[in-house]
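The values are calculated or read from the model by the stated rules, or taken from the named source; none is laboratory data. Source: prediction; values computed, not measured. Cβ placement follows ideal geometry from the backbone for every residue including glycine, while neighbour counts extend to all protein chains displayed. Ligands, DNA and RNA are excluded from the accessible area calculation, which covers all protein heavy atoms including side chains. Shrake-Rupley method; radii C 1.70, N 1.55, O 1.52, S 1.80 Å.
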Amino acid sequence: MASTGMQIFGFVLALLGIMGAMVATLLPNWKVSADVGSNIITAISQMQGLWMDCTWYSTGMFSCTLKYSVLSLPAYLQTARTTMVLCCVLAAMGLCLASLGLKCTRWGGGRRSKRHAAIASGACFVASGFLCLVPASWFTNEVITNFLDSSVPESNKFEPGGAVYVAFVSAGFLFVGGSIFCMSCSGKRHGPQDLVLLPPPDKLLLQQQQQQQLLQQQQELQHQYCSLSPLDNKTGYSLQDYV
């Protein structure tokens, strides 16, 4: 029961992780403009994400521009796009495997199949957490390096936005959920829970008694058949009976 509760807890954490990863992938505030300059006249704040750049103007207008060109983007941004998409796909695959590997469900086959599905889902969650952690760390490093560079104008300096923090938290959820699924099914191949699949002892004894009775009946019928006289037995005839 304890492992079942831990699996449900890991499933909830993994579900929160994949939801956070998807939200972080779509949010446009991976980095926001830093309020360090005094020349903010037309634009109040600028935000840049993986897929679009958005700007808040002093007039109250809000506009976003999609990043159509992929080759013109820097390497860290291309890597962040690819790894975040792979993270969401791998986490969704792990979520499907986790639903089959949960001990509280009836689908997914026997205990061995459920164990394998749970371990595979845990591996998918851990891998997706790593894929979510890499772009968040690289993106944060690039933003901080650019901010500390004295050659960059103050109007072009940015700070890590809320999407980066969501990605870090989602990676933590995926790591913890995957570790729970991997540890909840490891080293339990010969535990007492495997005996649940076998019939109870009373049923086994009843089956053995029925088999013995059938065997005795077959032996009695065979004995009666062999004890019949040649005249009573239709198959025991000879040529002298017809001459």
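Considering only residues of the stretch 46-67 that are without any contact (Cβ under 8 Å) to a residue 24 or more places away in the chain and assigned to a strand (DSSP E or B), which is most open to solvent (accessible area, probe 1.4 Å)?
Trp56
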From the option list Ser184, Ser137, Ser151, Ser128, single residue qualifying as over 20 Å from Thr4 (Cβ atoms), small (Gly, Ala, Ser) and at pLDDT below 90 is Ser151
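Yes or no, residue by residue, for (1) out of contact with any strand residue (DSSP E or B) (no Cβ under 7 Å at 6 or more places or on another chain); (2) assigned to a loop (DSSP other than H, G, I, E, B):
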| position | (1), (2) |
| --- | --- |
| Pro28 | no, yes |
| Ser72 | yes, yes |
| Trp107 | yes, yes |
| Ser113 | yes, no |
| Ala118 | yes, no |
Conditions (1) over 17 Å from Leu15 (Cα atoms); (2) free of Cβ contacts under 8 Å to residues at least 40 places away in the same chain -> Cys96 fails only (1)
Scanning the stretch 93-118 for residues that are among the aliphatic types (A, V, I, L, M) and open to solvent by 40 Å² or more (accessible area, probe 1.4 Å), the one nearest to Ser170 (Cα to Cα) turns out to be Met93
In the stretch 132-145, anything open to solvent by 40 Å² or more (accessible area, probe 1.4 Å) and within 18 Å of the chain's Cα centre (by Cα) is listed as Leu133
Given the structure, is Lys114 charged (D, E, K, R) and farther than 20 Å from Pro28 by Cβ?
-> yes
Just one listed residue, out of Leu100, Leu86, is closer than 21 Å to Gly5 by Cβ and part of a helix (DSSP H, G or I), and it is Leu100
